[in-house]
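Read-outs: derived from the displayed coordinates by stated rules, not from any lab. Computed from a prediction, not measured in an experiment: that's the story for all the values here. Neighbour counts run over all protein chains shown; Cβ positions are idealised from the backbone, glycine included.
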Amino acid sequence: MGDADDVRDAPLCGSAATGRTRLFDGSLVPDDSCSIAVGSHEADARELDSALIVRAQLVVEDTTVALREAGDLLIPLREGVIDAASLVPMRDIIMGATPVDHGRPRVFKSSGMAWEDLVIAGEVLRAGLPSSNDP
């Protein structure tokens, strides 16, 4: 973990910790950043604090799973600082149904749905391979 200046200047913050408390002060995260949290998957554990969650566009793999397992979101929900309607399923971002909000931090909270990771990795690989029609 770095110091506060690292977070304050970071366009991308990633965490994969299984701790039970926040890793950094979310109020320091810049508005044009993206934070990705993939470590904690318990209702009472968090990597990101409510200061960041309340400011952010919240993207999740699946709303039902996030509302069962993502303490990063469940804790602020219990605090009453966000509501479940603020969660954006990842498919809505990918399909363009919900635009990315570049006016505030973006948070992607993974709930460990590995099958989606595999599908996305396959599509990225497929998209990067030249087709048989390419010169």
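Put in line by how crowded their Cβ is, counting other Cβ atoms within 10 Å and starting with the fewest, PHE24, PHE108 read PHE108, PHE24. Close amide-amide hydrogen proximity is noted between GLY14 and ILE36, each under 5 Å apart and 5 or more residues distant or on a separate chain (H modeled in the peptide plane; Pro and chain starts excluded).
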